[in-house]
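Take a look at the structure below.
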Amino acid sequence: WTTPHQAAAAMATAAAFKEIEGRLASNPAIVSKIKAVFEWHITGGGVWTMNLKGQGSVKEGKFDGKPDCIVTVSEQDFVDMLKGKTTSQKLFMKGKLKVKGGMQHAMKLGELMKSQPSAKL
């Protein structure tokens, strides 16, 4: 049983990761720059894996193995990052984005987030 708000958040998160998938496809150099596996824990939006090794891929669910970096953030802040309204660094400094694991990988997220913001979100 999910509330309408939870359902809407999950849809927004799915749309956001679809956007990331498009960015990876249109700019494969990002994958070779970042070279890390991120497990995203989106409050209200579920768990997603962004594998930025090899070809680069995005999928709903946990990573099969040990991710390089686990990032926890609210759905709204995540979508705002993709829209360019805020940055992962600003959210981290405000305590709104939490990172477990390789901080050096988290620092590279800006490359992905600032690539080709979309009006679709």
Exercise for the section: Compute, for residue 90, the solvent-accessible surface of its heavy atoms (probe 1.4 Å) with the complete set of protein chains present, and express it in square angstrom to the nearest 10. Expected result: 120
Fill in the blank from the handout: Taking only protein heavy atoms and a 1.4 Å probe, the highest-to-lowest accessible-area order of 40, 48 is 48, 40
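On full extension of the chain, what length is gained from residue 35 through residue 85, given 0.36 nm per residue of separation minus the C-alpha to C-alpha distance?
15.5 nm
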Completion exercise
For residue 33 the rounded accessible area (nearest 10 Å², probe 1.4 Å, non-protein molecules ignored) is 120
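Sum up the charges of everything whose Cβ sits under 9 Å from the Cβ of residue 34, counting Lys and Arg as +1 and Asp and Glu as -1, but leave residue 34 out. All intermediate terms of the calculation are to be shown ahead of the outcome.
Working: positive: 33, 35, 53, 108; negative: 111.
My count for the surroundings of residue 34 gives +3.
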Exercise for the section: Anything over 25 Å Cα to Cα? Flag those among 59/94; 33/90; 18/98; 62/108, in the order listed. Expected result: 59/94
Practice task
From zero up to wherever the largest Cα-Cα distance of the stretch 29-121 sits, split into 10 Å bins and tell me the percent of pairs in each.
Solution key: 17, 54, 29, 1
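The values are calculated or read from the model by the stated rules, or taken from the named source; none is laboratory data. Since the structure is predicted, the reported quantities are computational estimates derived from the model, not experimental observations. Note: ideal-geometry Cβ built from the backbone for every residue, glycine included; neighbour counts use all protein chains shown. Keep in mind that these areas ignore ligands, DNA and RNA; they rest on the heavy atoms of the full protein, side chains included. Shrake-Rupley method; radii C 1.70, N 1.55, O 1.52, S 1.80 Å.
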